[in-house]
Amino acid sequence: MTDAVDVVIVGAGAAGLSAAIVLGRCRRRVALIDAGNPRNRASQAVHCLLGHEGRAPSQLLAMGRLELERYPTVTQRSNLVTAIARSGNCFSVECENEVPFQVRKVLLTTGLTDDLPRVEGIDRLYGRSVHHCPYCDGFEHRDQAIAVYGEGDKGAGLALMMKQWSSDVMLFTDGLSPISSGMLARLDHQRIGVCTERIARLEGTADGMLKEIHLESGKAVARSAIFFTTGCHQSSNLSATLGCIRDEKGGIVTDPVTEESSVPGVYVAGDASRDVLLVSIAIAEGAKAGVAINQALLKEDGLA
Ligand SMILES: Cc1cc2nc3c(=O)[nH]c(=O)nc-3n(C[C@H](O)[C@H](O)[C@H](O)COP(=O)(O)OP(=O)(O)OC[C@H]3O[C@@H](n4cnc5c(N)ncnc54)[C@H](O)[C@@H]3O)c2cc1C
């Protein structure tokens, strides 16, 4: 037996909250610690989520936190986890301005952070008419004048995809960027114009709807929405310091059944493992990790 907390869950987004509910129902002692920056905080509405279509992301998380209050073995704390290190059979966890504590298992649900295009005016529009994910927000901009922002064949690929939502799609590379001749031919065939000029700024309404893309030449192009593909990165470096292996996309490699990483006792769920990047998948992975962690603890305690 040990005084250690059973599980620390780092991050209380969709994945962390989902895992905490499973583990709370198993009466596990859980420390759920969250720095308060979920990836979709700029969004107005969650889509592709059965039973919650259009719900505000902040409301969805608040509902999850409330549901957790029913489980007395789960403690929810607002803080930043600054370090985790193996300590014998357990792990030692450090947070800002707190005494370090010991845990038996670690679940990282720390998420990803998007790399926004560096364009003046984007902050006011992001999450309302500037998006990265057509599955999340494409339907709301169907049949509108859509701009795609992205370099090379990656940008061209997203532009082709956006034809599913609108016949009026234009690709902006914001400076010269190499698009293969094959892709250029496909864009041409789909009547997708390509603008390689540098963008000066975006202009929109007070409520965040894009009106025009202003180019450095002084020309303005009327567009209603931008979908961009500029990538994202891990929100936390804890997995790297723990030694978790990452794949070529920067996702933390996990066992598809248990969500355990390459470091025994360290589990990862949600966007951080870079499977399909949706709230529903984060919830599912969190639940899978919760069950697998409980099973591992049962085994260690001679109960399975
Ligand atoms: C603008 C936008 C709109 C989106 N719209 C949709 C949509 O409509 N539908 C959909 O399904 N998906 C949508 N997504 C994707 C969705 O946001 C993610 O799939 C989902 O948030 C992943 O949940 P998560 O729990 O893995 O990570 P997150 O929600 O990012 O939560 C991670 C949490 O961990 C915390 N954290 C990180 N490091 C630490 C640390 N060291 N210590 C403590 N806490 C830490 C963060 O502060 C954060 O609160 C959207 C994303 C964006 C950017």
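In degrees, nearest 10, range 0 to 90: what is the angle between the Cα axis of helix 152-162 and the longest Cα principal axis of the chain?
On a 0 to 90 degree scale, this one is about 90.
Just to be sure I understand: of the beta bridges DSSP finds with both ends in the chain, what percent are antiparallel, rounded to 5? Please report the intermediate quantities before stating the final value.
Values: 23 of 55 bridges.
Looking only at bridges with both residues in the chain, the antiparallel portion is about 40 percent.
In straight Cα distance, which aspartates and glutamates are under 14 Å from K299, not counting same-chain residues fewer than 8 positions off?
In chain and number order, the partners are D6.
Just need the relative contact order of the stretch 122-228 here, percent rounded to a whole number, with Cα pairs under 8 Å and 6+ apart.
Values: 219 pairs, mean separation 35.6, N = 107.
Relative contact order for the stretch 122-228 comes out at 33 percent.
Neighbour counts of other C-beta atoms within 10 Å: give me V169, V276 arranged from fewest to most.
Ascending number of Cβ neighbours within 10 Å: V276, V169.
Taking H placed 1.01 Å from N in the peptide plane, check which residues at least 5 places from F228 or on another chain put their amide H under 5 Å from its amide H.
HN-HN under 5 Å from F228: H131, H132, Y149.
Just to confirm my understanding: which cysteines in the chain have no other cysteine beta carbon less than 4.7 Å from their beta carbon?
Singleton cysteines: C26, C48, C90, C95, C195, C232, C244.
Hey, what did the chain get for relative contact order, percent, Cα under 8 Å, at least 6 apart?
In percent, rounded to a whole number, it is 21.
Arrange the peptides 66-73, 225-232 so that the one whose residues have, on average, the most other Cβ atoms within 10 Å appears first.
Those peptides, ordered most packed to least, come out 225-232, 66-73.
Quick one: dipole size for the chain, taken about the Cα centre, charges +1 on Lys/Arg Cβ and -1 on Asp/Glu Cβ, in debye to the nearest 20.
Numbers: 31 positive and 36 negative charges, 78 e Å.
It works out to roughly 380 debye.
Looking at the P(r) of the stretch 122-228, how many percent of alpha-carbon pairs lie beyond 16 Å?
Summing the P(r) of the stretch 122-228 above 16 Å gives 53 percent of all pairs.
With 10 angstrom as the radius, rank D255, D275 by how many other C-beta atoms surround their C-beta, starting from the fewest.
Fewest-to-most Cβ neighbours within 10 Å comes out as D255, D275.
Which of K163/K249; K163/K288; K154/K219; K105/K249; K154/K288 have a Cα-Cα distance over 28 Å?
K163/K288; K154/K288
Could you pull the Cα extents of the chain along its three principal axes, largest to smallest, in whole Å?
Principal axes ranked by extent give 70, 36, 35 Å for the Cα atoms.
Among Y135, Y126, Y149, rank each residue by its count of other Cβ atoms within 10 Å, from fewest to most, as a rough exposure measure.
Ordered by Cβ neighbours within 10 Å, fewest first: Y135, Y126, Y149.
Nearest 10 degrees is fine. How inclined is helix 279-300 to the longest principal axis of the chain, computing both from alpha carbons?
Here the helix axis deviates by roughly 20 degrees.
Suppose a student asked you for the relative contact order of the stretch 171-297, using Cα pairs under 8 Å spaced at least 6 residues apart; what percent would you report?
Relative contact order comes out at 12 percent.
Quick one: which residues, 5 or more positions from T258 or on another chain, have an amide H under 5 Å from its amide H? H modelled 1.01 Å from N in the peptide plane, none for Pro or chain starts.
Amide H neighbours of T258: none.
Could you order the peptides 11-24, 198-211, 287-300 from most to least packed, using the average number of other C-beta atoms within 10 Å per residue?
11-24, 287-300, 198-211
Every number here is computed from the coordinates shown, using simple stated rules; none is lab data. Note that the structure is a prediction, hence the values are computed from the model and not measured. Positions of Cβ are generated from backbone atoms using ideal geometry, with glycine treated the same way; all protein chains shown enter the neighbour counts.
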